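Structure, as structure tokens:
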Amino acid sequence: MGRLFCLLSAATFGVMAVFGKLAYDAGVSVDALLLVRFGLAGALLLALALARGALRNLPRRAVLTGLGMGVFGYAAQSGLYFSALARIDASLVALLLYLYPVLVMVGAIALRRERASRRRIAALAVALVGIGLVLSGAMTGRFDLPGVLLALGAPTVYTCYILVGDSLTADVQPLALTALVCTGAFGTFLVLAFFRGTDLAFAPIGWLWLAAVALISTVAAILFFFAGMARVGPSVASILSIFEPVVTVVAAALIFGEHLSAVQWLGGALVLSAVLIVQWPGSQSLPDLTAVAATRRSASGGSPTPPRRTPLPAVPSRPGRAGGC
């Protein structure tokens, strides 16, 4: 069941881009989508964390850190992702977002948290070639440079978020941290709504897609991942998460008629191969950050809880609920 939960998490995260596009078609703005997403998800996750006692006796510093990560890091990453989604194809955004495990690897090596190796250098080279092919294929049609830059900004910010969060939140329960981060992100978009206004007068069907983004592709996706991680551990969970961009590409093709060229398919395969190279367990089990960098999400949009260096203990709750997103 653990692998099934991980795949369900990847699938529910993977359809987020489709729900987002459908919401845009109903007249929902990026700001409105993010405000409602984090408002609903934050409220539900906070209620769940309180019910499970995850926030009990949490130090003030931990609370402020979690909220701050949401206010600045997660809000910025989600804003970039959904802004890119409003301009370019969902499949292209999904593939570009999945650069983040390789970027985390590069950042961890640069910060001397991990050692360089032939395997990691090979992963970086494969990822760069893959992204080059994905973008070169996109240039054959209508090329939206701002959209591509926004999409590339999302994994870059998420990488910083993971590297910073990994060092600041090691002792915070993942459910508590997830609830605090989503609440902090909601605060950011609530302030933006106050100062520049957020129009909620869109077609009624838009509320259905917003509810799907918040409830299916955020709350349910995170809980599925918790349940899967409890059973299979971070390494297997991170490998299974690669199913997510595949779901996005297939769903976008079926619903919007999006399609990748042969060159882009090759590039996407290389990017996901690079992620596999980074995340596949080596002959020795090292507690390094990139081994679980994709035990997350996110994605789309990224999981609010940074991956942990070691497997997290199971937390009694729903069928197989566990810590660590």
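The values are calculated or read from the model by the stated rules, or taken from the named source; none is laboratory data. The structure presented is a predicted model; accordingly, all values stated were derived computationally and were not measured. Every residue, glycine among them, receives a Cβ derived from its backbone with ideal geometry; neighbour counts consider all protein chains shown. Side chains are part of the model used for accessible areas, which takes the heavy atoms of the whole protein and leaves out ligands, DNA and RNA. Shrake-Rupley method; radii C 1.70, N 1.55, O 1.52, S 1.80 Å.
Assorted remarks:
The rows are residues; the columns are (1) assigned to a helix (DSSP H, G or I); (2) modelled with pLDDT under 95; (3) crowded, with 17+ Cβ neighbours inside 10 Å.
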{"residue": "Ala23", "(1), (2), (3)": "yes, no, yes"}
{"residue": "Ala43", "(1), (2), (3)": "yes, no, no"}
{"residue": "Gly53", "(1), (2), (3)": "no, yes, no"}
{"residue": "Arg56", "(1), (2), (3)": "no, yes, no"}
{"residue": "Gly68", "(1), (2), (3)": "yes, yes, no"}
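- Restricting the first member to region 12-38 and to residues that are within 23 Å of Phe226 (Cα to Cα) and charged (D, E, K, R), and the second to residues that are open to solvent by less than 10 Å² (accessible area, probe 1.4 Å) and assigned to a helix (DSSP H, G or I), the beta-carbon pairs closer than 8 Å and six or more apart or on different chains are Arg37/Ser78; Arg37/Leu210; Arg37/Val213; Arg37/Ala214; Arg37/Thr218.
- Some residue of region 169-179 being at pLDDT 85 or above, over 16 Å from the mean Cα position of the chain (by Cα) and farther than 27 Å from Arg113 by Cα: no
- Among residues of region 208-221 that are over 7 Å from Arg37 (Cβ atoms) and open to solvent by 20 Å² or more (accessible area, probe 1.4 Å), those with a beta-carbon under 9 Å from a residue that is of a type in the set (Ser, Thr, Tyr) and part of a helix (DSSP H, G or I) at least six positions away or on a different chain give the pairs Trp209/Tyr24; Ile216/Thr12; Ala220/Ser9; Ala220/Thr12.
- Counting only residues that are in a loop (DSSP other than H, G, I, E, B) and in contact with a helix residue (DSSP H, G or I) (Cβ under 9 Å, 6 or more places away or on another chain), region 244-270 holds 4 of them.
- Unmet requirement for Thr140, which otherwise passes all of (1) at pLDDT 90 or above; (2) among the β-branched types (Val, Ile, Thr); (3) surrounded by fewer than 13 Cβ atoms within 10 Å (Cβ to Cβ): (1)
- Among residues of region 74-105, those that are of a type in the set (Val, Ile, Thr), surrounded by 24 or more Cβ atoms within 10 Å (Cβ to Cβ) and within 17 Å of Gly137 (Cβ to Cβ), counted: 1
- Residues of region 148-192 that are open to solvent by 20 Å² or more (accessible area, probe 1.4 Å), in a helix (DSSP H, G or I) and more than 21 Å from Ala110 (Cα to Cα): Leu149, Leu150, Thr183, Phe186, Gly187, Thr188, Leu190, Val191, Leu192.
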